[in-house]
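> The structure's right below; bear with me while I get my questions together.
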């Protein structure tokens, strides 16, 4: 362990002296110090803070990723090229200890840089938060929507599958044929019922959405917030959606509160109920379509289009988790850089790691490009023709397993919107980046490096 730690210290010092790493550090410092004064957002205090957090954390992730790629690829390949590694391999140090020490050294530098950057981001975010607001609602939005960590409860869906199966069985009893099979017909009916459940019909139509698993409210603390994203069908000429809301007693159905909102369609909005909405962990929210909407239907778009949010943590803890996810990504990239450095030159190793980095950043796009979400597609429009279903059976799981989706293990969106980063997301991110990367370096990387001839013995 002492030999590994000695190599880690040398790698850390080497990284601090590398010019390209210093360039990235200088760029990062300039960007972080400039952003609070260059970005205005939507001219509100909350919008300014959200814009700063988005760009600062995004810049931190990208700049540190590029610095990690060049450092991890250079630290081993340069030692081999300059033959300075001969001084190490002639000592009682195993090849595994060399790889482990260099990986620890690279990530020690990453921890220091991310921690310092995180402190700077938090200090600048606190500075923005302390600025005077233009109106009271702006301050409330900042405190209750951004500077917090909340969990979301979604409406309890009815048992759509049971309804769909009864319908299919009834149609089958009438000798109705199903070209794609009864199971496919059930799934089609489930999708149809779920979409209908998200719609509130015109002319005073109403729906009640029930929630469960909500924590009790603390005395005198406003912890619940209704968040929604709705559209009008057909499209409203003024791009505004008028929605009536009724807070119901989940036990008796009595009306506790009511209001009407008129907000832009397709955009997330929220409001704070004026009364306690939770009893015994349950809540009921009524939605009605005002007559002013005429023939327009209200449609809640997406699985997260209607939620009740409640506080479960602090902004500081959420920011720390987002920084931890960035460190997991850097650990994977450093392991990948050392892995390629065991058998190829510095330029080739950089190219390979940067290629993987780009693919991981755009994983949703790549999956969409190969038709991962396609179901029962006509071979004429399938990118792989008739072989499409069989290709995707192999290719989609292979991509999802071998290459982590950096967009899925990214806590920046949660920090911006005040959503708590879950422990499950942290564990998934660690397993697919940190653990997977170290396993890639410790097994195949070590085997390749152990079998590589560093210097020829001359007798």
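> Looking at this structure, is residue 324 assigned by TED's automatic domain parsing to the domain that holds residue 11 and modelled with pLDDT of 95 or more?
yes
> Determine whether residue 155 is under 30 Å from residue 420 (Cβ atoms) and in contact with a strand residue (DSSP E or B) (Cβ under 8 Å, 6 or more places away or on another chain). Don't jump to the end; show me each part of the working.
Values: under 30 Å from residue 420 (Cβ atoms): yes; in contact with a strand residue (DSSP E or B) (Cβ under 8 Å, 6 or more places away or on another chain): yes.
The answer is yes for residue 155.
> Oh, and also: Name the residue, out of 390, 419, 384, that is under 20 Å from residue 58 (Cβ atoms) and either modelled with pLDDT of 80 or more or over 28 Å from the mean Cα position of the chain (by Cα) (or both).
419
> Quick one: is residue 287 in the same structural domain as residue 441 (by TED's automatic domain parsing) and either assigned to a strand (DSSP E or B) or buried (at least 18 other Cβ atoms within 10 Å of the Cβ) (or both)?
Working: in the same structural domain as residue 441 (by TED's automatic domain parsing): no; either assigned to a strand (DSSP E or B) or buried (at least 18 other Cβ atoms within 10 Å of the Cβ) (or both): yes.
Considered against the rule, which asks whether it is in the same structural domain as residue 441 (by TED's automatic domain parsing) and either assigned to a strand (DSSP E or B) or buried (at least 18 other Cβ atoms within 10 Å of the Cβ) (or both), residue 287 comes out as no.
> Is the stretch 209-217 home to any residue that is surrounded by fewer than 17 Cβ atoms within 10 Å (Cβ to Cβ), in the same structural domain as residue 299 (by TED's automatic domain parsing) and modelled with pLDDT under 80? If you could, list the steps in order and put the result at the bottom.
The first filter runs over the stretch 209-217 and keeps only residues surrounded by fewer than 17 Cβ atoms within 10 Å (Cβ to Cβ), leaving 210, 212-213, 215-217.
Cutting the leftovers down to in the same structural domain as residue 299 (by TED's automatic domain parsing) gives us 210, 212-213, 215-217.
Of the ones still in play, those that are also modelled with pLDDT under 80 are 216-217.
Checking the stretch 209-217: at least one residue is surrounded by fewer than 17 Cβ atoms within 10 Å (Cβ to Cβ), in the same structural domain as residue 299 (by TED's automatic domain parsing) and modelled with pLDDT under 80.
> Now for a separate question. So which residues in the stretch 105-128 are over 24 Å from the mean Cα position of the chain (by Cα) and buried (at least 19 other Cβ atoms within 10 Å of the Cβ)?
Those that are over 24 Å from the mean Cα position of the chain (by Cα) and buried (at least 19 other Cβ atoms within 10 Å of the Cβ): 105, 106, 109, 128.
> On the basis of being assigned by TED's automatic domain parsing to the domain that holds residue 118, modelled with pLDDT of 95 or more and not in a strand (DSSP E or B), does residue 343 make the cut?
Working: assigned by TED's automatic domain parsing to the domain that holds residue 118: yes; modelled with pLDDT of 95 or more: no; not in a strand (DSSP E or B): yes.
Spelling it out, it is not the case that residue 343 is assigned by TED's automatic domain parsing to the domain that holds residue 118, modelled with pLDDT of 95 or more and not in a strand (DSSP E or B).
> With respect to residue 280, is the statement that it is modelled with pLDDT under 90, closer than 18 Å to residue 425 by Cβ, out of contact with any helix residue (DSSP H, G or I) (no Cβ under 7 Å at 6 or more places or on another chain) and surrounded by fewer than 17 Cβ atoms within 10 Å (Cβ to Cβ) true? I'd like the intermediate steps shown before the answer.
Details: modelled with pLDDT under 90: yes; closer than 18 Å to residue 425 by Cβ: no; out of contact with any helix residue (DSSP H, G or I) (no Cβ under 7 Å at 6 or more places or on another chain): yes; surrounded by fewer than 17 Cβ atoms within 10 Å (Cβ to Cβ): yes.
In short, no.
> Give the stretch 325-352 a look and list any residue that's buried (at least 19 other Cβ atoms within 10 Å of the Cβ) and out of contact with any helix residue (DSSP H, G or I) (no Cβ under 6 Å at 6 or more places or on another chain), or say none.
If the condition is that a residue be buried (at least 19 other Cβ atoms within 10 Å of the Cβ) and out of contact with any helix residue (DSSP H, G or I) (no Cβ under 6 Å at 6 or more places or on another chain), then no residue fits.
> Then there's this: Out of 152, 172, 184, 162, I need the residue that is surrounded by 12 or more Cβ atoms within 10 Å (Cβ to Cβ) and under 27 Å from residue 207 (Cα atoms). Which one?
152
> What is the one condition in (1) in the same structural domain as residue 371 (by TED's automatic domain parsing); (2) in contact (Cβ under 8 Å) with a residue 40 or more places away in the chain that residue 410 does not satisfy?
Exception for residue 410: condition (1).
> Checking residue 322 against (1) surrounded by fewer than 22 Cβ atoms within 10 Å (Cβ to Cβ); (2) in contact with a helix residue (DSSP H, G or I) (Cβ under 6 Å, 6 or more places away or on another chain); (3) farther than 30 Å from residue 78 by Cβ, only one condition comes out false. Which one?
(1)
> May I pose another question? Could you pull out the residue among 95, 83, 78, 48 that is in contact (Cβ under 8 Å) with a residue 60 or more places away in the chain, under 27 Å from the mean Cα position of the chain (by Cα) and surrounded by fewer than 23 Cβ atoms within 10 Å (Cβ to Cβ)?
48
> Exactly one of these conditions fails for residue 355: (1) closer than 26 Å to residue 425 by Cα; (2) outside the structural domain of residue 12 (by TED's automatic domain parsing); (3) surrounded by fewer than 22 Cβ atoms within 10 Å (Cβ to Cβ). Give me its number.
With respect to (1) closer than 26 Å to residue 425 by Cα; (2) outside the structural domain of residue 12 (by TED's automatic domain parsing); (3) surrounded by fewer than 22 Cβ atoms within 10 Å (Cβ to Cβ), residue 355 is out only on (2).
> Tell me whether the stretch 136-144 contains one or more residues that are in contact with a helix residue (DSSP H, G or I) (Cβ under 6 Å, 6 or more places away or on another chain), over 23 Å from residue 286 (Cβ atoms), touching a residue at least 60 places away in the same chain (Cβ under 8 Å) and not in a helix (DSSP H, G or I).
Checked the stretch 136-144: no residue is in contact with a helix residue (DSSP H, G or I) (Cβ under 6 Å, 6 or more places away or on another chain), over 23 Å from residue 286 (Cβ atoms), touching a residue at least 60 places away in the same chain (Cβ under 8 Å) and not in a helix (DSSP H, G or I).
> Next question, about the same structure. If you scan the stretch 240-270, which residues turn out to be assigned to a loop (DSSP other than H, G, I, E, B) and within 24 Å of residue 196 (Cβ to Cβ)?
250, 253, 265, 266, 267, 268
This table checks each residue for (1) part of a helix (DSSP H, G or I); (2) touching a helix residue (DSSP H, G or I) at 6+ places or on another chain (Cβ under 7 Å); (3) surrounded by fewer than 19 Cβ atoms within 10 Å (Cβ to Cβ).
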| residue | (1), (2), (3) |
| --- | --- |
| 404 | no, yes, no |
| 409 | no, yes, no |
| 414 | yes, yes, no |
| 421 | no, yes, no |
| 427 | yes, no, yes |
| 431 | yes, no, yes |
| 437 | yes, yes, no |
| 441 | yes, yes, no |
| 447 | yes, no, yes |
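The values are calculated or read from the model by the stated rules, or taken from the named source; none is laboratory data. Here the structure is a predicted model, which is why all the values come from computation and not from measurement. A quick note on method: Cβ atoms are made from the backbone with ideal geometry, for glycine too, and the neighbour counts reach across all protein chains shown.
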